[in-house]
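So the structure is just underneath, and the comments pick up after that.
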Amino acid sequence: MTRRNFIQKAFLIGSAAVGITQLCGLSAPTSSESSTFADAEQERELPLSLHEASYYDKLENLGIRCNLEPRQCVINEGERGYCGARENRGGIYYTLVYEHPCAAYPEPIERHHFYHLLPGQKALAIGTAGCNLRCRFCESWPISQSRPEDIPFEKLSAEGVVERAIAEKCPAIIFAYNEPTIYFEYMLDIAKVARKSGLITAAQTAGHIYPEPLKEICEYLDAINVDLKGFTQEYYQKNCGGGKIELEDVLNSIKIINQTRSMLEITNLIVPELNDTPKLIFDMSIWIRENVGPNIPLHFARFFPNYQLTKHYATPLETLEAAYDIAKNAGLQYVYLDNVGNHKATSTYCPKCGEMLIQRSESKVDIVGMNNEQCMKCEHKIPGVW
């Protein structure tokens with residue numbers, strides 16, 4: 001099944017199970033509206049997982065507080081957190097998606113906005129139901145905005161994921177589609193097994209996670225791409241679900257990742273009229289240069305009408321090209337445009353001599369000017385996992 005077919009199937013099944021309004025709704029279900037774990041078990045032939053979650057405190061009267069991310073949900077017995085993928089059952093917090101991916105497909109690594117990670121190779125991309133954000137422009141909303149019982153999934157252990165990656169001739173595993181923080185325990189176990197098997201692991205994340213679990217997972221991830229959705233607090237509040245979402249928490253995650261073994265890339269989806277002003281692009285570029293360095297790859301991704309912004313228009317190419325120029329002039333060395341087809345700004349160039357190092361098109365990726373991790377012309381070292 002292709003990724004597109006899966007998304008369509010997930011949409012249809014999810015719609016039938018919970019109704020189109022709930023599946024597409026921006027606001028998360030409250031704890032009182034959540035179905036119980038027992039109810040979910042009765043609704044499926046394959047029950048949801050019953051794996052104890054990490055990073056939570058036990059409270060009085062069987063309550064718990066989640067310490068995985070800054071929202072810090074306080075959850076009564078029998079209820080779920082904001083993400084919809086974790087539930088308090090008898091005072092013990094469980095992840096409902098452990099070993100239950102709803103997506104596990106080989107895809108080009110570049111599709112997940114990694115340009116300094118094994119260029120031209122395939123990765124097994126993994127995702128589950130649930131998310132701790134409610135982005136109005138979400139590309140994977142049939143997965144991320146669904147509850148675990150509402151879409152099809154399979155039983156697949158960490159060892160099984162690694163075996164599938166090897167069978168599909170994928171040298172890497174990427175945690176993607178939805179926010180991998182939601183399946184933290186599963187991601188961690190997969191990454192540990194993958195390392196023993198010699199595979200590379202990477203994650204796409206919104207960076208809305210507390211420092212302690214972030215540092216733990218960074219010990220096992222080779223690369224992380226942070227989706228920096230905007231550069232104002234107002235943008236996050238209006239477009240990503242509101243509540244306890246702080247831009248500062250995301251920026252702090254970026255700084256933490258940059259201090260670990262994980263190679264860092266950053267992606268900014270430019271949505272017309274919402275986060276596309278030259279000043280915002282400049283301020284973000286300067287922050288990246290001054291806080292994590294000029295050699296961190298920055299991707300400007302093109303928005304296409306989706307989810308709750310279907311009546312919005314796609315990002316004009318001129319807007320993306322202007323953002324590219326602003327970031328380069330601000331001192332960033334590796335700036336890319338994503339979702340733009342065949343364009344010179346999808347390729348990698350040496351920041352020292354200007355030589356093309358990696359040529360990218362819609363159909364293929366060619367390493368044309370690199371030898372291992374160096375520019376063949378001037379021997380400048382290029383950061384990445386090559």
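The values are calculated or read from the model by the stated rules, or taken from the named source; none is laboratory data. Since the structure is predicted, the reported quantities are computational estimates derived from the model, not experimental observations. Please note: Cβ atoms are built from the backbone with ideal geometry, for glycine as well, and neighbour counts cover all protein chains shown.
Yes or no, residue by residue, for (1) under 20 Å from L188 (Cβ atoms); (2) of a type in the set (S, T, N, Q); (3) modelled with pLDDT under 95:
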residue	(1), (2), (3)
P211	yes, no, no
V226	yes, no, no
D249	no, no, no
T260	yes, yes, no
L264	yes, no, no
P272	no, no, no
>> Every residue in region 153-172 that is assigned to a helix (DSSP H, G or I) and not acidic (D, E), please.
In response: A158, G160, V161, V162, R164, A165, I166, A167
>> Looking only at residues that are touching a residue at least 24 places away in the same chain (Cβ under 8 Å) and out of contact with any Leu (no Cβ under 7 Å at 6 or more places or on another chain) in region 337-363, which one is nearest to E265 (Cα to Cα)?
In response: D338
>> Every residue in region 228-242 that is outside any helix (DSSP H, G or I) and not small (G, A, S), please.
In response: L228, K229, F231, T232, C240
>> Checking the structure you have, find out if any residue of region 48-67 is surrounded by fewer than 16 Cβ atoms within 10 Å (Cβ to Cβ), touching a Leu at 6+ places or on another chain (Cβ under 7 Å), over 29 Å from M263 (Cα atoms) and at pLDDT below 95.
In response: no
> Can you pull out the residues in region 345-380 that are of a type in the set (S, T, N, Q), surrounded by 14 or more Cβ atoms within 10 Å (Cβ to Cβ) and more than 21 Å from A323 (Cβ to Cβ)?
Replying inline: Q359, Q374
> How many of the residues in region 290-324 are among the aliphatic types (A, V, I, L, M) and surrounded by fewer than 21 Cβ atoms within 10 Å (Cβ to Cβ)?
Replying inline: 6
> Looking at this structure, is I190 buried (at least 18 other Cβ atoms within 10 Å of the Cβ) and in contact (Cβ under 8 Å) with a residue 60 or more places away in the chain?
Replying inline: yes
> Identify, please: which residue in region 82-95 is assigned to a loop (DSSP other than H, G, I, E, B) and either in contact (Cβ under 8 Å) with a residue 40 or more places away in the chain or aliphatic (A, V, I, L, M) (or both) and is, among those, surrounded by the most Cβ atoms within 10 Å (Cβ to Cβ)?
Replying inline: A85
> Being aliphatic (A, V, I, L, M) and in a helix (DSSP H, G or I), is that true of even one residue in region 197-207?
Replying inline: no
> Is there a residue being among the aromatic types (F, W, Y) and over 30 Å from P383 (Cα atoms) anywhere in region 95-112?
Replying inline: yes
> Only one residue in P142, P148, P106 is farther than 25 Å from V335 by Cβ, crowded, with 20+ Cβ neighbours inside 10 Å and touching a Leu at 6+ places or on another chain (Cβ under 6 Å). Which one?
Replying inline: P148
> For region 334-344, which residues satisfy the criterion of being crowded, with 20+ Cβ neighbours inside 10 Å and more than 16 Å from H112 (Cα to Cα)?
Replying inline: Y334
> Restricted to region 57-80, and to residues that are polar (S, T, N, Q) and over 20 Å from E248 (Cβ atoms), which residue is nearest to the chain's Cα centre (by Cα)?
Replying inline: N76
> Taking region 256-289 only, how many residues are within 30 Å of T201 (Cα to Cα) and surrounded by fewer than 15 Cβ atoms within 10 Å (Cβ to Cβ)?
Replying inline: 2
> Out of all the residues in region 122-151, which are in a helix (DSSP H, G or I) and among the hydrophobic types (A, V, I, L, M, F, W, C)?
Replying inline: W141, I143
>> Quick test of your reading of the structure: K169 fulfils all but one of (1) in contact with a Leu (Cβ under 6 Å, 6 or more places away or on another chain); (2) over 23 Å from E216 (Cβ atoms). Name the failing condition by number.
In response: (1)
